[in-house]
Amino acid sequence: MASDPTAGGAPADMPVDPDTLDIPPRPESAAEWQRLVEQLQAEKADLQDKQLRALAEAQNVRRRAQQDVEKERKFAVERFARDVLSVADNFGRALSALPADLDSLDPALRNVIVGIQATDRELQSVLERHGVTRIASLGKPFNAEFHQAMMEVENPDVPHGTVVQELIPGYLIAGRLLRAAMVAVSKGGPAAGAAAASAN
């Protein structure tokens, strides 16, 4: 018994009308075949271009994410290092207040001082291992990139603009400025260039 087309859909052997299918017409000439090939090649090139752009964008996203992570890590290290510098400053102040002749002190007190000196050296070593290095300032020409002038000292014996006193040491981290050194700068002496010329 034949199936009723209105009952549950058309039977499997029901003929299909080709006019209802979206099939491009078959090229009938070499020119039409050539145009079809060129069209397919253009579509292929467009898809390849979109794929390359998508891959490049994904790579850029990964690179930006890595840069953000690295930047945050550096900022975190810098914040921690800047906090540790206050500890190093306190050690420096304590050591600078010590008398020059430690042999005259009580042996017990002398041992405490030796321990403080050893701790300060270890702290400086730890900072250096993590890329934090102290800026050498004394006797150097003033450099606004690394120094912050807190006062001027009259001294005709040294070239003008020479760092003659370091109030608070400065530090670099991985070659970048972490904290500028607070210094006293000489005035009244010869210009740095003139002093160098006379020395030669």
Exercise for the section: Test each condition in (1) surrounded by 10 or more Cβ atoms within 10 Å (Cβ to Cβ); (2) closer than 20 Å to ARG176 by Cα; (3) of a type outside the set (Val, Ile, Thr) for ARG129 and report the one that comes out false. Expected result: (1)
Handout entry: Pairs, first in contact (Cβ under 8 Å) with a residue 24 or more places away in the chain and part of a helix (DSSP H, G or I) in the range 105-127, second polar (S, T, N, Q) and surrounded by 10 or more Cβ atoms within 10 Å (Cβ to Cβ), C-beta under 8 Å, six or more apart
Key = LEU127/THR133
Practice task
Can you confirm whether the range 50-71 contains a residue that is under 26 Å from PRO169 (Cα atoms), out of contact with any helix residue (DSSP H, G or I) (no Cβ under 7 Å at 6 or more places or on another chain) and not polar (S, T, N, Q)?
Solution key: yes
Exercise for the section: Considering every residue within the range 167-177, establish whether at least one is in a strand (DSSP E or B), within 27 Å of PHE75 (Cβ to Cβ) and in contact with a His (Cβ under 9 Å, 6 or more places away or on another chain). Expected result: yes
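Go through ARG63, ARG82, ARG53 for me and flag whichever is surrounded by 10 or more Cβ atoms within 10 Å (Cβ to Cβ), more than 30 Å from ALA180 (Cβ to Cβ) and under 23 Å from the mean Cα position of the chain (by Cα). Walk me through how you get there before you give the answer.
Numbers: ARG82 fails: more than 30 Å from ALA180 (Cβ to Cβ); ARG53 fails: under 23 Å from the mean Cα position of the chain (by Cα).
Checking each option against the conditions leaves just ARG63.
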Problem - Flag for GLU145 being modelled with pLDDT of 90 or more and in a helix (DSSP H, G or I) - result: no
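The values are calculated or read from the model by the stated rules, or taken from the named source; none is laboratory data. Note that the structure is predicted; figures quoted are calculated from it, not measured. Cβ coordinates were reconstructed from backbone atoms using ideal geometry, including for glycine residues, and neighbour counts include every protein chain displayed.
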